[in-house]
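Q: Quick one: the structure is below, questions incoming.
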Amino acid sequence: MDDAMIHPPQIAPAFADLVAKYDGPAPRYTSYPTAVQFSPAVDEAIYRDWLAALPPADPVSLYLHIPFCARLCWYCGCNTRAVNRHEPVREYVQLLLAEMGLLQQALPAKLKATAIHFGGGTPNMLSVDELAAIFGALDNVFALAPDREVAAELDPAVLTRDWVRAAAFHGLNRASLGVQNLDPKVQAAVNRKESFEDIARCVGWLREAGIRSLNLDLMYGLPHQTTEATLSTVDAIVALRPERIALFGYAHVPWMKAHQQLIEEKALPGPAERLAQSEAAAERLAAEGYVRIGLDHFALETDEMAQALSDGGLRRNFQGYTTDAADTLLGLGCSAIGSLPQGYAQNIAQEVGWRAAVREGRLPIARGVAVSPDDRFRREIIERLMCDLHVDLGAVCAAHGRDLADLAPALEKLAPFFADGLVRRDGGTLVVEGAGRLVIRSICAAFDAYFQPEAGRHSRAL
């Protein structure tokens, strides 16, 4: 590689230039291989083999998917549905308990669970009694670590003080509240209306219950959203001093999520304006004492995530950035994805099919992918880039018995990024610089052996 590549110019392109050159589709790399590579080749039988081979002494993490909401937010890309009566939730919980029983029969031992994450949907759609039943079943199937992390994604519109108290009794110690944007015009355009006072009241209940880590989700790129509205929301939210803030870009994929067709496309900000919103918010958060983490997270310096970034322990999984060190994540509920040493396994996404499988006494696996030695090699490179914005390629090659020359095609793909000062190479180390953070997904795609940009299966990088 010539000196121009190793020591590139340090002037990053303007937002308009970034968009023109790099705003193509790219995976979010919450796994590698990504879900695009999942297939029915991984079925219940294979999943049972993988479960039986789990080391009994190793800890696991758990993800429980609750696919119900009281309202349908038009921007949402999650697997969920709005319900106006509780019976579907109650029936779902009974089947979730049954799935736990099936999992218990397949496991080699009562494994230690060090982290439990409730996602959705809206986990606080669960009643207090249903929470108690779920935790009782979890305690029966797993050895719940006394210092376990218990996290839940919450909708302020249906959160109550009693629910918070009950969840805290069962160990809830991390919570994430969806805020998105506080501009009434933006809220009306995505069918999600709530005031700052609503958010502050929920934060108060969570703090009162002793929740030690709080995350607030914000978004940019929503219809009618401006940089001014973005900064106004940031200024309001930081006054609550959440330990973490996530700043996600809205992904408009109406061909995948039909309800997004309700969003007026001409009201969406363009890519350059989206970047302006994102960077203005990032600068404001940095000024307020938040450390920028990876692609879209921010944390106070005292938070475990910021500390993990500092010591190289930050990880990435289907919930985004995490400090969870367990090598196994078991998914429960429709569409839930598990990550095991042998590969990834996903439950049936459609609720009807998931319900039918569990009623028939089958682990409801629909698809997945086994990981190869090459997958593990590339996964480590991609994860470190996504988390740390740098990677020691020489060290990764040595750990996987590979030669640095194996990465020559990937490094060649990065030539434009080198030339634009977005990436530099220092010996065997690759470092993302400046505005390179904004196109980190595209940088990682250079190491993805499966990525086909022309296939149009991913949201745009910017």
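The values are calculated or read from the model by the stated rules, or taken from the named source; none is laboratory data. On a predicted model such as this, the values are computed, not experimentally measured, just so you know. Note that we place each Cβ from the backbone using ideal geometry, even for glycine, and neighbour counts take in every protein chain shown. Quick note on the areas: whole protein, heavy atoms, side chains included, nothing else; ligands and nucleic acids left out. Shrake-Rupley method; radii C 1.70, N 1.55, O 1.52, S 1.80 Å.
Q: What is the Cα centroid distance between the stretch 207-265 and the stretch 359-403, reported in whole angstrom?
A: If we compute the Cα centre of each part, the gap is 29 Å.
Q: Tell me which GluC sites (Glu not before Pro) from the stretch 350-457 have a DSSP coil assignment and no more than 10 other beta carbons within 10 Å of their own.
A: Glu360
Q: Heavy atoms of the protein only, probe of 1.4 Å, neighbouring chains included. What is the accessible area of Arg379 in Å², nearest 10?
A: The accessible area comes out at roughly 60 Å².
Q: Before anything else, pin down the relative contact order of the stretch 173-252: Cα pairs under 8 Å, at least 6 apart, normalised by residue count, whole percent.
A: 41 percent
Q: Something else about it: When the chain is fully extended, how far beyond the present Cα-Cα distance does Thr323 get from Asp17, taking 0.36 nm per residue of separation?
A: Roughly 106.7 nm would be gained on extension.
Q: Could you quote the convex hull projected area for the stretch 280-407, Cα atoms only and averaged over all directions, in nm²?
A: Average projection, Cα convex hull of the stretch 280-407: 10.4 nm².
Q: Contact order normalised by length for the chain, with contacts defined as Cα pairs under 8 Å and 6 or more residues apart; what percent is it?
A: 24 percent
Q: Something else about it: Just the number please: accessible area per residue for the chain, 1.4 Å probe, all protein chains included, in Å².
A: Here the per-residue accessible area is 40 Å².
Q: Moving on. Check each of the chymotrypsin sites (Phe, Trp or Tyr not before Pro) in the stretch 209-299 and keep only those in coil by DSSP with at most 12 other C-beta atoms within 10 angstrom; list them in order.
A: Counting only loop positions with at most 12 other Cβ atoms within 10 Å, the chymotrypsin sites (Phe, Trp or Tyr not before Pro) in the stretch 209-299 are Trp255.
Q: Kyte-Doolittle cut-off -1.0, length cut-off 27 Å along the helix's own axis using Cα: show which whole DSSP H helices in the chain pass.
A: 87-106
Q: Taking the Cα atoms of the chain alone, what are Rg (to one decimal) and Dmax (as a whole number) in Å?
A: 21.9, 66
Q: Quick one: plug the Kirkwood hydrodynamic radius of the stretch 88-133 (C-alpha pairs) into Stokes-Einstein at 20 °C, 1.002 mPa s, and report D in µm²/s.
A: It diffuses with D of about 176 µm²/s by this estimate.
Q: Can you pull out the GluC sites (Glu not before Pro) in the stretch 191-270 that DSSP calls coil and that have at most 13 other Cβ atoms within 10 Å?
A: Glu264
Q: Which three numbers, in whole Å and largest first, are the semi-axes of the equivalent ellipsoid of the stretch 55-157 derived from its Cα gyration tensor as √(5λ)?
A: Square roots of five times the eigenvalues give 27, 15, 12 Å.
Q: Grab the DSSP H runs of the chain that are 4 residues or longer, score each as -39,500 (n - 2.57), total them, divide by all residues and round the 222 nm result to the nearest 500 deg cm²/dmol.
A: -11000 deg cm²/dmol
Q: Could you work out what % of the accessible surface of the chain is carbon and sulfur, using a 1.4 angstrom probe and leaving DNA, RNA and ligands out of the count?
A: 52 percent
Q: Another question about this same structure. Pulled fully out, how much extra length does the chain show between Arg359 and Ala53, if you take 0.36 nm times their separation in residues and subtract their Cα-Cα distance?
A: 107.6 nm
Q: Given Lys266/Lys413; Lys112/Lys193; Lys257/Lys413; Lys185/Lys257; Lys21/Lys266, which pairs have Cα atoms separated by over 29 Å?
A: In this structure, Lys266/Lys413; Lys112/Lys193; Lys257/Lys413 lie more than 29 Å apart at Cα.
Q: Additional query: Need one number: nm distance between label points at Arg207 and Lys112, each 7 Å from Cα along Cα→Cβ, rounded to one decimal.
A: Computed distance between label sites Arg207 and Lys112 equals 3.4 nm.
Q: Next question. Any idea what the dipole of the chain comes to, in debye rounded to 20, about its Cα centre with Lys/Arg Cβ at +1 and Asp/Glu Cβ at -1?
A: Here the size comes out at about 940 debye.
Q: Taking 0.36 nm per residue of sequence separation and subtracting the Cα-Cα distance, how much length would be gained by fully extending the chain between Ala399 and Ala188, in nm to one decimal?
A: Computed gain between Ala399 and Ala188 is 70.8 nm.
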